[in-house]
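The structure under discussion appears below in the form of C-alpha cells.
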Amino acid sequence: MARRSLQASDLGIRKAQKAFKTKAWTQEYLANEVGIETRQPIWKFFSGKPIERHIFMEICFRLDLDWQEIADLPSEVPTKAQAQDNSRDIDHLVQMVRSRRSNKVQAQCGTIRLLDIAQLIELKDIYVNINIQEANPRQNWVEVSNLQNFSPEEFVSVDLSQIFQARVPALKAVAAYSKLMILGKPGCGKTTLLQHIAMQCNQGELLPDRVPIFIRLKNFAEDATEASDFSLLNYIRQEFCKNNISAYQFETLLHHGKALILLDGLDEVQEEERGEVLKQIRKLSEEYYNNHLIVTCRIATQQYRFEGFTDIEIADFDSCQIEAFAQKWFVIVGKNSREQGLAKAAQFMQKLQLAENWLIRELAKTPILLNLVCCVFYAKSDFPSKRADLYKQGLEILLVRWDEARGIKRDEIYRQLSLPQKIKLLSQIATITFEQGHYFFAQSQIQQYIADYLSTLPNAQTDPEVLQLNSEAVLKSIEAQHGLLVERARGVYSFSHLTFQEYLTARNFVANSDSQSLEKNLDQLVSHMTEPRWREVFLLVAGMVENVDALMQSMHQYSDGLLADDQKLQQFLIWLHLKSLSVQAPYKSAAIRAFYLTLVLPRELSLARDLSLALAIDPRLAGNLAPDLALDLALNRALSLSLGLPCDPSWERVLALSFALPLELAFGYGTGLHSEAKLLPLGESLQHLKEQLPASEQGRDRLQEWWRANGQTWTEKLKFLILRYRNINHQWQFSNQQQEVLKQYYAAKQLLLDCLNSGCEVSSNLREWIEETLLLPIVEIGSFS
C-alpha cells in the first residue's frame, strides 16, 4: 500500500524553497492555500520531516512542483498481502472519483448541438456507431496516372483507404490500444466519438476501471494563456479539485494508470500555442505512460505525432450508418413519434437511393453534411430539384459555418485570403482539373495552380520560392480547415466530394457578371454537351445562371447542329417526323418521335428501346400505351424473337414468338400505307404467318429441319408486313460514325430536357418552342420559329 507519509529529499527541499521564495508567500498563507489550520506541517515540509501524504502533495501542487521530484522515495518491494490491499484501495478510489465526477462528465459529453438545430440533443439519442480505419492510406504510394480513367460514378465508389485498410468499430480500437491519435476530416464525428467514449466509460460500459477525463484542447490553451500556467497536469488537477478530489487522490489515480484522458481538437489550438500544448501532451504521456490517452485531430495536421501512439482514422458513413442516423434524426430532431419518425426516415432513404440522387448520397457519407441533407429533406419531404442551393449550403458549412459555430479561428497564410478569394481559388482549381477530366491530381500540380492564383492577387509575392512555400501552406490549410481537398495517397489529392468539384466548376462558369464574358463561358460549356461526365455541371449552371433562356437555346441549337450536315441522318429525322404524324396517340409529338427513334434503331446500338427521353417529354407513356404505339412495340419484339431463333431454335422460343405476334391489336387495321389492293388487313396477314409456324408435337428434329428450310423466309415475310403496314423496320444501315453521332445527339437532347425539368426558370414561350421542335429535322424547325 502507498506510504501514508512523505518527506522531502535534500534536493527537493532546495527546489521547494526556491519556488516558495518566488511566490513571495508566508508559511501561514501557504497553509491557508493548502487548507490546513496550522503552519506546523509547512514547517515540517521545509525541514525534511515526514508529513501526511495528501498534505505533502497539495503543498507541491500549490508551489507548482511535481511531488515525485520533491519527495524522498526509497525503493520498496511490497508483500503479496500489501499488493492486494493496495489493489482494493485503488478500486475503491476509482469508483469514488467516478461517482464524484459523473455529473461533470455528463454535462461535458452527454449532449451535442447539431448545426442549424436550436435545441441540444442527447448524445445517446443521435449517436451512431462509428468505424475507424487502422492504417493511413497517405503513407502508400499510388501513381496518379493510374487513377485518371475513372468515370464520375467510379470516382465516388473508389475508396483508396479501403485498398490498404480494414474498417473496425471505433470502440474496439479504443479497447485494443492505450494510446490513440484519432484523425478525421472536418465534420466526420471526431468530437462526438470522443464524447461517446467518455460517456461509455462514465457509465461503466467501456474500461470500467478507468476514470474518464474530457478536455477540449482549445479551451485548455486559452485558459492556460490567461492564467500564465501552461501545465496540462495542473489544469486537470484543478478540474478534479472542483469535484472535491484531493491532489493526493488525483496523483494516485494517475500513478496507477486509472485515467482515460480524452484530449479533443489538437487542430483547433492556435498556432502560437500549439507547440506548448504538444509539449504538455508528450510530457503527460511519458510521465503517466500506463494511462489511456486519446487525442483527436484533423487529418491534415497529422504531422503532430507522439511516441507510442497508434494513428487511426474515422471512416465515412456507409449506407447502414446513414440509415441509422436518419432514423434517429427524424424521431428526435424532427420531434415525431417513433412510428412517424421511422416512416419519415424510410421515405428519406428511399429517395436517397434513387439513381438521380447518387451525388447527394455521396455527401451524406460525412455526418455534418448528412445533417444538412436531413434538414433539407425534412422541409419538403424531398430533395430540391435545384441542387445548386444544397451544394452551396454544404460548401458554406465547410468553409465558414462549422468553425464559426465552435468559435475557432484558423491561422497561417490562408487566413489572409478573403472568403470570395478562397471560393474563387477553389473554383479555378475545380474547373481546371474537371476540364482535364482529372478527379485525382499530383500535389505538385495542385500547388502550381495555387501559386498561379496567388501571383494574381494585389501585393502578391513574385519570388518563385516564396510562392512555392505559400502554395504548399495554402494547400495544407484547405485540407486541414475545410477538408475540401484531401490527400488520398502520398502526394495524390482530390476534392473530398465530386459534388463540390462539379459545383465549383459550375460556379466558375457563371461567376463573372460581365455579360460578354458570361456568354463566352456558356458557349464553352455547351461544347461539352456530348460528354456524359458534364451532365451535373449543366444542371447546376441551369439553376445558377440568371438568364437561363440563352443557355437553353444555345444547347438546343448545338445539339441540332450535330446532325445538320449529314443528309442520311436528316432523312432519318424526316421519317421520324412523318411517322409521328401517322399515328393516333394523346402524347406530345416530341415524345412520339422519341419513342420511335429508339424503337427502330439497330438492336446493337445502346439506345435501342431506351424510353427515358420519351418519358422525360411526356410521362404518360409510362402507362398503357396508345394502340398504335403498343402495336408497333409488339411487332418489334416479335421480330427480335424471330431474329434470335437461328441461334437456338427451341420449342420454347417458337412458342414465345407465336404468343408475341399481336393479333388482337392488329385486327381492325387495314392495308398498309403503301399497300396494294390485294393485301389483306394486317391482322389476317399475321394470322396466316402464325399458322405457318411448326407445331410442337412434331419433335425437335422436325423443328430444326423446318427452320433451316423456312425460317429465313418466314422472318422476311414478318419484316415485309411490318414495313408495309406500319412503315417501320427500314434498313437504315448507319455507319459506325453515324451511330456514334446519333448517340451523342440523343444524349444531348436528354441533357437539354433534364435541364428544362430541373426547376430552372425558363420562359414559357421558349420551353414550348423547344418541346415542339425536339428531334425534328432542320427543314421542319424553321416552321416553328
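The values are calculated or read from the model by the stated rules, or taken from the named source; none is laboratory data. Please read all numbers here as calculations on a predicted model, not as lab measurements. Virtual Cβ from ideal backbone geometry, glycine too; neighbours counted across all protein chains shown. For accessibility, only protein heavy atoms count, side chains too; no ligands or nucleic acids. Shrake-Rupley method; radii C 1.70, N 1.55, O 1.52, S 1.80 Å.
Here LYS258 is the anchor, and the aspartates and glutamates within straight C-alpha reach of less than 18 Å, apart from those fewer than 8 places off in the same chain, are ASP85, ASP89, ASP91, GLU205, ASP209, GLU239, GLU286, GLU287. For the residue pairs LYS365/LYS392; LYS190/LYS380; LYS185/LYS344, the alpha carbons lie more than 19 Å apart in LYS190/LYS380; LYS185/LYS344. Sorting 684-695, 528-539 by their mean Cβ neighbour count within 10 Å, with the most densely packed peptide first, gives 528-539, 684-695.
On the basis of the beta-carbon distance and an R0 of 45 Å, ALA346 and GLU531 show a calculated FRET efficiency of 0.80. Expressed as an acute angle from 0 to 90° and rounded to the nearest 10, what is the orientation of the C-alpha long axis of helix 419-435 relative to the principal long axis of the chain? Result, in degrees: 50.
Among the protein heavy atoms of the chain, carbon and sulfur supply 48% of the accessible surface, probe 1.4 Å, non-protein parts ignored. For SER5, the residues whose amide H sits under 5 Å from its own are ARG53, ignoring neighbours fewer than 5 places away on the same chain, with H placed 1.01 Å from N. Here is the list for the stretch 239-348: GluC sites (Glu not before Pro) lying in DSSP coil, each with at most 12 other C-beta atoms within 10 angstrom of its C-beta, are GLU307. With the simple spin-label model, which puts each label point 7 Å out from Cα in the Cβ direction, the ALA695 to GLU272 separation comes to 10.3 nm.
The long axis of helix 651-660 is offset from the longest Cα principal axis of the chain by roughly 80 degrees. One chain, two ends: ARG113 and LYS18. Fully extended at 0.36 nm per residue, the span grows by 29.4 nm beyond their Cα-Cα distance. Each of ASP91 and THR462 was given a label point 7 Å from its Cα along the Cα-to-Cβ line. The distance between the two points is 7.6 nm. Given R0 = 35 Å, the distance between the Cβ atoms of GLU122 and ARG305 translates into a calculated FRET efficiency of 0.50.
The helix-based estimate of mean residue ellipticity at 222 nm for the chain, built from -39,500 (n - 2.57) per DSSP H run of four or more residues and divided by its residue count, is -17000 deg cm²/dmol to the nearest 500. Think of the stretch 231-348 as a dipole: +1 on every Lys or Arg Cβ, -1 on every Asp or Glu Cβ, centred on the Cα centre; then among GLY265, ASN243, PHE309, ASN243 lies furthest on the positive end. Take the Cα of ASP389, step 7 Å toward its Cβ, do the same at SER99, and the gap between the two points is 5.6 nm. Using the 1.4 Å probe convention, the accessible area of the chain works out to 46 Å² per residue with neighbouring protein chains retained.
Helix 367-380 and the longest principal axis of the Cα set of the chain meet at an angle near 50°.
Dipole magnitude for the chain: about 1800 debye, using +1 per Lys or Arg Cβ and -1 per Asp or Glu Cβ, origin at the Cα centre. Taking the average, over residues, of other Cβ atoms within 10 Å as the packing measure, peptides 702-709, 325-332 rank 325-332, 702-709 from highest down. Ranking LEU766, LEU718, GLN704 by Cα position along the charge dipole of the stretch 688-785, where only Lys, Arg, Asp and Glu carry charges on their C-beta atoms, puts GLN704 farthest toward the positive end.
Length available on full extension from LYS49 to LEU419: 0.36 nm per residue minus the Cα-Cα distance, which gives 126.8 nm. Multiplying the residue separation of ALA355 and SER763 by 0.36 nm and removing their Cα-Cα distance gives an extension gain of 144.0 nm. Efficiency by 1/(1 + (r/R0)^6): what FRET value for LYS380 and ASN624, r their Cβ-Cβ distance, R0 = 41 Å, to the nearest 0.05? Approximately 0.85, to the nearest 0.05. Among the listed pairs LYS328/LYS351; LYS328/LYS424; LYS351/LYS520; LYS520/LYS749, those whose Cα-Cα separation exceeds 26 Å are LYS328/LYS424; LYS351/LYS520.
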